[in-house]
Amino acid sequence: MLTFDDYVGPMEKPGVLFHLAEQIVHPDPADPPSRVSMALLARERPRFIRGFGPESGLFSDDLESTLRWVGELDESYVAVQGPPGSGKTYSGSHIIYALIKSGKRVGITAMSHAAIDNLFDATYEVFAENGELGLLRALRRGKKPKIGALEGVRYAASGNDAESTAFNLVAGTTWLWARPQLRPFPVDVLVVDEAGQLALADAVASANGAKNLILLGDPLQLSQVAQAEHPDGSGASVLEHILGEQATLPEDQGVFISETRRMHPTSADSSPIRSMKVASPATSRVPNRARSSALAFAGSRLFIRIARRNRPRKRTL
């Protein structure tokens, strides 16, 4: 398939970034720069409301621990890094569920509509499983799909509907979050999925509509797509920016989910992530039939199983 004229302009993003630069260069007490944007650019350690935060200031990959501090960020951000199959979508959907249950307004964004819908749908399912869809006031920026539309969700063709506090879950691309009109109505937490693919500039522009950020992803899994020269680190994804020269997040700087249920142990051994654990087939969430079939192939090499078909016998009429 050939696609012509598929360029999508940045629209509001340059203006938001220019405004931030002016706020820094020409300080105005009446219009201070976004604290979460400044924290992100400076790679500051996550900042919490006094008396809150992870125990001893060290993050763990225990979801229950995360749920205790995630709603107490102080105009800051936390990155959650995990290899393939480590359950980032599961963690993200339960984080959003807990935040909304506590009275917070939450946003979802990502590099693609598919990634946004994946986390949005997973969050919807958590509410449905708990019989609490009545608590969800969800807005999805985009046309209502002909198939698979979620009951009770407001689908909006324009971003105008997000310019209020009527919804406690708002999902849309970074173009939505960069709208200056959203600045008076920021969500309490914006969850960025596949942050290993999202440019730092896009993340900073999206912070325009949020008080705090949660960044899910892994640049070692899916890195940012770039087609030009970007000097001085300007082409880094937001997660690459936070990691710097490190392969994984230090325990005082963010969450590293150390267990994967998708990669084979020998694949993990060759990964740059040395602290990664691989769940055994007995503890993974793989159905028994699939698990026994997978065990027939030992190792992480490419296997070919030849299925021979018996030739039909000739019949004489």
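In the range 67-87, the residue that is most open to solvent (accessible area, probe 1.4 Å) out of those that are of a type outside the set (D, E, K, R) and over 20 Å from E194 (Cβ atoms) is L67. Of all residues in the range 24-66, those satisfying the criterion of being over 17 Å from S206 (Cα atoms), outside any loop (DSSP other than H, G, I, E, B) and open to solvent by 50 Å² or more (accessible area, probe 1.4 Å) are I24, V25, E55, S56, E64. Of all the residues in the range 104-150, those that are touching a residue at least 60 places away in the same chain (Cβ under 8 Å) and surrounded by fewer than 19 Cβ atoms within 10 Å (Cβ to Cβ) number 4. For the range 164-206, a residue qualifies if it is surrounded by fewer than 22 Cβ atoms within 10 Å (Cβ to Cβ) and more than 18 Å from S34 (Cβ to Cβ), and the qualifying residues are S164, T165, A166, N168, T173.
With I100, I108, I95 as the choices, which residue is part of a strand (DSSP E or B) and at pLDDT 95 or above? That would be I108, the only listed residue that is part of a strand (DSSP E or B) and at pLDDT 95 or above.
The values are calculated or read from the model by the stated rules, or taken from the named source; none is laboratory data. These figures come from a predicted structure and were not determined experimentally. A quick note on method: Cβ atoms are made from the backbone with ideal geometry, for glycine too, and the neighbour counts reach across all protein chains shown. Accessible surface is based on the protein model in full, side chains and every heavy atom, while ligands, DNA and RNA are left aside. Shrake-Rupley method; radii C 1.70, N 1.55, O 1.52, S 1.80 Å.
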